[in-house]
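Structure first, commentary second.
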Amino acid sequence: MGLVDLFFVASTPVLKVLLLTLLGSFLALDRIDIMGENAMKQLNTVVFFVFNPALVSSNLAKTVTFESVVLLWFMPFNVLATFLIGSALGWILLKIIRPPQHLKGLILGCCAAGNMGNLPIIIIPAVCREKGSPFGAPDVCHIYGMAYASLSMAIGAIYLWSYVYNIVRIFSSKVNEKANADEFTSNMKSCEDTSKLLDGNCSEAVLPSENHSVSVDNANKLMLPSEEEMKGPILHAIRHYLRVLSRKINLRALFAPSTIGAMVGFIIGVVPQFRNLIIGGDAPLRVVLDSASFLGEAAIPTLTLILGGNLLKGLKGSGILQPLIIGIIAVRYIFMPLLGIVIVKSAIRFGLVHSDPLYQFVLLLQYALPPAMNIGTITQLFGAGKSECSVIMLWTYALASLSLTLWSAYFMWLVV
């Protein structure tokens, strides 16, 4: 496949995303007002609880089997490596540019989480259908390529909603706590300046509310063990620190709807009894999978429209630091692919990855993808860095066409 053909293959899915993003921006205009603030919040809720789980579970159930899992065991570790390396590079970027507090979770998320599902599911079949594809017969390439892309999507969804979700949540909670503290301080100052408030209603402003005092007491109890726990057996201390850990990390988020959908799809695909019941033309419950697939198809365009709606706010909002955008682009499109080549080629050399060139290409491609679009959904849910996220997505996806083209050509040269 020539470089010009590969350029069109890589740029077409990104151009589709950009066109839908422009449509979302148009629908969010004040004069149109089809996708206003409330509409986008409701769409985000539907995507989070319905579309994403359906997309992940249906694709994984259809293409992953027990035999393929045995061959693809390295992929979960490879995807985890992309998240950990991206987080480390993102942390270095934070130390260099020193962004505002509310953007730290967004920056770490954009550096850590790549678009592991949507783009591979579009790009890989297109590469297989292209004339002169280096990956063999188009039909065989498509079947295996969809299996690889679906597994990538499922694993990426698990890491995204369990790891990046909590990163953004923790940093957004810190911003909210600081805002509450500032509000409380301003109330105290206003009471000190007004003697009338001191005599009358000042007690409500000066003193924390009942809920606030309870939360402060609980925080103190969580930070410092009680005397009984210090004197008691080690079991009490372990329980204490587990309670602290569960409150800080929010373990319930580990079982986000997309994570549950990935688990369900994995079980259906791997367990023969469930697979025979749901998958196949003669399966008695095949309508269940068809319905899930039908719902899942709405996830990608809906996410892209939401991204476009947020983009309009990003263009109107306060300016985002140029070093921030340049840093994220450098992390995702320069340092990540270079480190990915070292990791994957080392795994191939030590026999950890089987010899399928398409599988090796997918592993390498996972290091060169733009940030996951679901980061926009996460920022919308927590209200932290929504407009900045849209601007970051605009620039990263605008450059993804050129970046994916160049890296894809080099990855093919490496594996074939």
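The values are calculated or read from the model by the stated rules, or taken from the named source; none is laboratory data. These numbers were taken from a predicted model, which means no experiment stands behind them. As a convention, Cβ positions derive from the backbone with ideal geometry for all residues, glycine included, and neighbour counts pool all protein chains shown. Each accessible area value is taken on the protein alone, full model and side chains, heavy atoms only, with ligands, DNA and RNA left out. Shrake-Rupley method; radii C 1.70, N 1.55, O 1.52, S 1.80 Å.
So, by mean Cβ neighbours within 10 angstrom, what's the order for 135-147, 395-407 with the highest one leading? All intermediate terms of the calculation are to be shown ahead of the outcome.
Details: 135-147: 17.4, 395-407: 19.5.
With the highest mean Cβ count within 10 Å placed first, the list reads 395-407, 135-147.
Determine, from the Cβ-Cβ distance of Ser346 and Asp30 and an R0 of 51 Å, the FRET efficiency 1/(1 + (r/R0)^6), rounded to the nearest 0.05.
With R0 = 51 Å, the Cβ-Cβ based efficiency is 0.45.
Under a 1.4 Å probe, what is the accessible area of the stretch 280-416 per residue, stated in Å²?
Values: 5560 Å² over 137 residues.
That works out to 41 Å² per residue.
Which of the peptides 22-33, 73-84 is most tightly packed, and how do the rest follow, judged by the mean count of other Cβ atoms within 10 Å per residue?
Output ranking for 22-33, 73-84: 73-84, 22-33.
Out of every Cα pair in the stretch 9-159, what percent are spaced more than 19 Å from each other?
Every Cα pair in the stretch 9-159 considered, those over 19 Å come to 68 percent.
Residue-wise, which Karplus ³J(HN,Hα) couplings in Hz belong to the stretch 91-97, taking 6.51 cos²θ - 1.76 cosθ + 1.60, θ = phi - 60°, and x for glycine or proline?
5, 4, 4, 4, 5, 7, 8
Here is the link list: Lys345/Lys386; Lys41/Lys104; Lys16/Lys41; Lys16/Lys386. Which ones come out longer than 31 Å on Cα distance?
Long pairs (Cα-Cα over 31 Å): Lys345/Lys386.
5 Å is the cut-off here: which amide hydrogens, built 1.01 Å from N in the peptide plane, fall below it relative to Gly114, excluding neighbours closer than 5 in sequence?
Ala372
May I ask you to evaluate 6.51 cos²θ - 1.76 cosθ + 1.60, the Karplus curve with θ = phi - 60°, for each residue of the stretch 296-306 and list the ³J(HN,Hα) values in order in whole Hz, giving x for glycine and proline?
Using θ = phi - 60°, the values come out as x, 5, 7, 5, 5, x, 5, 4, 5, 5, 4 Hz.
For the stretch 45-150, with all protein chains present and a 1.4 Å probe, just round the carbon and sulfur fraction of the accessible area to a whole percent.
Working: 3000 of 4260 Å².
Here carbon and sulfur together make up 70 percent of the probe-accessible area.
Roughly to the nearest percent, how much of the accessible area of the stretch 265-416 is carbon and sulfur, given a 1.4 Å probe?
70 percent
As an exercise, take the mean of 1/r over every pair of distinct alpha carbons in the stretch 367-416, invert it, and state the Kirkwood radius in angstroms.
After inverting the mean inverse Cα-Cα distance, the result is 12.3 Å.
Put Met412, Met263 in order of accessible area, largest first, 1.4 Å probe: what do you get?
From most exposed to least exposed: Met263, Met412.
Please state the relative contact order of the stretch 294-402 as a whole percent: Cα pairs under 8 Å, 6+ residues apart? Before the final figure, lay out the partial values.
Details: 73 pairs, mean separation 46.5, N = 109.
Normalised by residue count, the contact order of the stretch 294-402 is 43 percent.
If you take the beta carbon distance between Gln322 and Val69 as r and set R0 to 56 Å, what does 1/(1 + (r/R0)^6) give as a FRET efficiency, to the nearest 0.05? Mind showing how you got there, number by number?
Working: r = 44 Å, r/R0 = 0.79.
E between Gln322 and Val69, to the nearest 0.05, is 0.80.
Would you kindly derive the ³J(HN,Hα) couplings of the stretch 119-124 from the backbone phi angles with the Karplus curve 6.51 cos²θ - 1.76 cosθ + 1.60 (θ = phi - 60°), listing them in order in whole Hz, with x for Gly and Pro?
5, x, 5, 8, 6, 5
Hey, could you get me the Stokes-Einstein D for the stretch 76-124, Kirkwood radius over alpha-carbon pairs, 20 °C and 1.002 mPa s, rounded to whole µm² s⁻¹?
This corresponds to a translational diffusion coefficient of 183 µm²/s.
Just the accessible area for Lys41, please: 1.4 Å probe, Å², rounded to the nearest 10?
Solvent-accessible area, nearest 10 Å²: 100 Å².
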